[in-house]
Amino acid sequence: MNYFDFKKRNLISGPHLLGVILIFAGLVALISPAFIKSEPDLARILGVGFGAIIIGFVIIFSYTGTYIDFSEKRFKEYTSIGGYKMGEWDVLPAINTVQVTSSTFKVTNTPNGISPTLSGKVTDFKVRLFSNKSQADFCFVYSSRKRAIKSAEVLVSHLNADLLVHLPNEY
């Protein structure tokens with residue numbers, strides 16, 4: 001594998017949640033004639049159902065990310081819409097340190113009458129890539145410790161960098 005592809009998307013929040021809801025609503029629209037006893041317009045039902053499903057899939061498959069090509073020593077920060085990645089290639093700086101850290105914080109949904117009001121502690125695991133600068137050149141955020149460490153190991157092996165893991169043992 002001569003590349004690294006970090007996709008930033010979360011299917012249970014933000015616009016991606018809307019995509020999941022639209023797909024579910026489209027499926028409900030398609031099966032509704034089986035439960036509703038009326039004279040439905042088949043073209044309208046198919047149009048609404050498949051339209052919602054298609055729009056839902058487009059939303060789900062739209063995300064941002066970073067693509068690193070190790071063989072060409074370049075990277076692209078992209079926006080993907082329906083699988084097509086749009087972005088400009090740039091030269092990859094010489095990365096000499098890959099650092100894995102975590103941060104725990106409290107998240108609270110604001111009550112808005114639509115989404116459930118949930119709160120709790122969330123831990124993000126960050127993989128940061130450093131060149132000679134004091135600020136990270138790249139930062140990739142994961143919700144899983146295992147995925148963060150695995151990604152860091154892939155990056156270290158391809159970039160010939162040092163790995164620094166600063167994680168508490170409680171996870």
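Assorted remarks:
- Filtered residues of segment 1-31 (kept if at pLDDT below 85 and surrounded by 14 or more Cβ atoms within 10 Å (Cβ to Cβ)): R9, H16, L17
- Options K85, K150, K121, K73; residue that is among the charged types (D, E, K, R), farther than 21 Å from N2 by Cβ and either open to solvent by 60 Å² or more (accessible area, probe 1.4 Å) or modelled with pLDDT under 95 (or both): K121
- Hey, I68 touching a residue at least 60 places away in the same chain (Cβ under 8 Å), touching a Leu at 6+ places or on another chain (Cβ under 6 Å) and either open to solvent by less than 90 Å² (accessible area, probe 1.4 Å) or under 29 Å from R128 (Cβ atoms) (or both) or not: no
- The set of residues in segment 29-73 being outside any loop (DSSP other than H, G, I, E, B) and of a type in the set (G, A, S) consists of A29, S32, A34, A43, G47, G49, G51, A52, G56, S62, G65.
- Residues being at pLDDT 90 or above and loosely packed, with under 10 Cβ neighbours inside 10 Å - total across segment 89-118: 1
- In the set (1) open to solvent by 70 Å² or more (accessible area, probe 1.4 Å); (2) assigned to a loop (DSSP other than H, G, I, E, B), A136 fails one condition alone, (1).
The values are calculated or read from the model by the stated rules, or taken from the named source; none is laboratory data. What you see is a predicted model; the values in this text were computed from it and never measured. Because the Cβ atoms are built from the backbone with ideal geometry, glycine has one as well, and the counts that use them run over all protein chains shown. SASA here: full protein model, heavy atoms, side chains in, ligands and nucleic acids out. Shrake-Rupley method; radii C 1.70, N 1.55, O 1.52, S 1.80 Å.
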